[in-house]
Amino acid sequence: MCLRRVLAACGVLALAAGTLLVPAPPIGIVTPVTLWLGLAVLLALWPRTRAASPWAAGAAAGLSAAVTVAYLVLRPGGSSEGPVLWFLLEPAGLAVYVYLAFRWAPPRSALTGGGAAVLALAMTVQRYLPAEAVVEAIAGSLVWLIPGVVAGLVAWYPRLMDERRERAVAEARRAQRVDLASDLHDFVAHDVSEIVAQAQASRMVLAGDDPRLTETFERIEAAGLRALASMDRTVHMLRDSGGAARTPVGVLADLPELVARFSQGGMGVRLDPTTTEVPREAAAVAYRIVVEALTNVRRHAPSASTVDVTVAVEGRDLRVTVADDGTDETRPSGRAHAGLGLPGLAERLASVGGTLSAGPREPRGWSLSARIPLDGR
């Protein structure tokens with residue numbers, strides 16, 4: 001913020017110096033000075049002034065258009081008075097307003113305020129053309145449309161990329177949540193089914209001639225069946241909205257097969273799995289972490305010769321580590337933000353109290369480590 005204010009102050013000082021060192025008629029200097037002073041205010045107060053960018057662009061367009069009309073009325077024969085500096089500063093300022101509006105404003109406001117600035121920029125050339133030169137006037141305005149259109153396109157492209165990235169991340173997170181709901185169904189359904197079976201067996205063995213016990217066990221059985229039906233309906237709705245089939249849940253016992261398939265590509269993978277029994281939820285999360293980590297190794301570290309996969313119980317946590325020895329061909333920043341699966345996994349781990357970390361390792365390569373609580377804390 002301090003840097004922006006310093007730049008804004010320098011811009012104001014430059015404008016003040018320009019008015020003294022490069023004099024021009026008032027009608028030719030008032031508009032560029034006003035436009036750039038407005039930009040200095042926007043820069044000094046940014047990002048609080050971000051929402052005002054389309055209104056600022058519209059006001060700048062109105063001022064520039066009014067001055068152009070004044071030129072045409074007062075000097076219908078055209079005028080080229082004044083230094084070229086002031087002639088170029090005004091279109092440049094309008095182009096900056098166009099960029100700010102199209103980059104940060106809502107689409108409708110951007111089209112209104114930014115579009116007005118584009119038209120005002122195209123009209124500025126009319127001040128310097130003879131009134132009788134109709135063809136030249138039309139051609140000149142069409143040519144001067146180009147800077148405004150280019151500024152709008154330059155601003156719209158990163159905005160479009162940001163929106164696509166946000167949609168992709170949201171879709172990845174939604175898919176992770178659908179998988180989490182499906183896993184919950186699989187795990188809880190297994191336990192509820194066991195409760196129902198125990199209630200049925202107890203009703204047959206323990207109830208006997210006691211109608212109260214029979215009724216109690218029947219209510220437990222009915223409640224369990226209703227819970228199973230409710231989970232089925234909920235998960236089916238989520239899967240239908242997802243539009244994609246869900247892959248089966250993997251567990252620790254499936255890791256050797258996963259590693260064997262990965263090793264077929266010519267990259268050696270060493271697996272050090274735990275032999276301790278762990279809860280199904282933790283095993284499923286660990287399996288997905290290994291899948292995502294190996295996928296990123298294949299995608300971003302093709303030069304790696306070996307990958308070490310370690311799954312071990314440390315205290316009350318299940319620790320999963322995947323480390324490769326890839327070279328520095330891939331920048332660390334690219335590896336850190338690779339893919340859309342890691343944000344979803346991090347969110348899922350956070351929901352169960354776990355953590356996910358990734359970064360470069362010495363002397364070379366990349367390491368991903370996850371901690372999954374085993375006691376449900």
- Residue, surrounded by the fewest Cβ atoms within 10 Å (Cβ to Cβ), within segment 26-60, restricted to residues that are in contact (Cβ under 8 Å) with a residue 60 or more places away in the chain and of a type in the set (A, V, I, L, M, F, W, C): L35
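Does R371 satisfy the criteria of being modelled with pLDDT of 80 or more and open to solvent by 70 Å² or more (accessible area, probe 1.4 Å)?
no
Here's the yes/no breakdown for (1) more than 22 Å from the chain's Cα centre (by Cα); (2) among the small types (G, A, S); (3) at pLDDT 80 or above; (4) open to solvent by less than 50 Å² (accessible area, probe 1.4 Å):
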{"position": "V269", "(1), (2), (3), (4)": "yes, no, no, yes"}
{"position": "P273", "(1), (2), (3), (4)": "yes, no, no, no"}
{"position": "A283", "(1), (2), (3), (4)": "yes, yes, yes, yes"}
{"position": "A293", "(1), (2), (3), (4)": "no, yes, yes, yes"}
{"position": "D324", "(1), (2), (3), (4)": "yes, no, yes, yes"}
{"position": "S333", "(1), (2), (3), (4)": "no, yes, no, no"}
{"position": "G341", "(1), (2), (3), (4)": "no, yes, no, yes"}
{"position": "G359", "(1), (2), (3), (4)": "no, yes, yes, yes"}
{"position": "W366", "(1), (2), (3), (4)": "yes, no, yes, yes"}
- Query: Just checking, how many residues over segment 61-75 are modelled with pLDDT under 80 and buried (at least 18 other Cβ atoms within 10 Å of the Cβ)?
  - Reply: 0
- Note on the structure: Here the qualifying pairs (Cβ atoms under 6 Å; residues six or more apart or on different chains; first in segment 118-141 and part of a loop (DSSP other than H, G, I, E, B); second open to solvent by 40 Å² or more (accessible area, probe 1.4 Å)) come out as L129/E136; A131/P76; A131/G77
- Message: Suppose we filter segment 115-135 for residues that are in contact with a Gly (Cβ under 6 Å, 6 or more places away or on another chain) and surrounded by 18 or more Cβ atoms within 10 Å (Cβ to Cβ); how many remain?
- Response: 5
- Item | Qualifying position, being within 44 Å of the chain's Cα centre (by Cα), among the small types (G, A, S), within 30 Å of E136 (Cβ to Cβ) and modelled with pLDDT under 80, among G78, G18, G58, G82 | G18
- Listed residues A101, A151; which is open to solvent by less than 70 Å² (accessible area, probe 1.4 Å), over 19 Å from T49 (Cα atoms), modelled with pLDDT of 90 or more and part of a helix (DSSP H, G or I)? A151
- Residues being surrounded by 14 or more Cβ atoms within 10 Å (Cβ to Cβ) and at pLDDT below 80: count how many of those fall in segment 347-357. 3
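The values are calculated or read from the model by the stated rules, or taken from the named source; none is laboratory data. Predicted model, so just to flag it, every value in this text is computed and none were measured. No Cβ is skipped: glycine too gets one built from the backbone with ideal geometry, and neighbour counts run over all protein chains shown. Accessible surface is based on the protein model in full, side chains and every heavy atom, while ligands, DNA and RNA are left aside. Shrake-Rupley method; radii C 1.70, N 1.55, O 1.52, S 1.80 Å.
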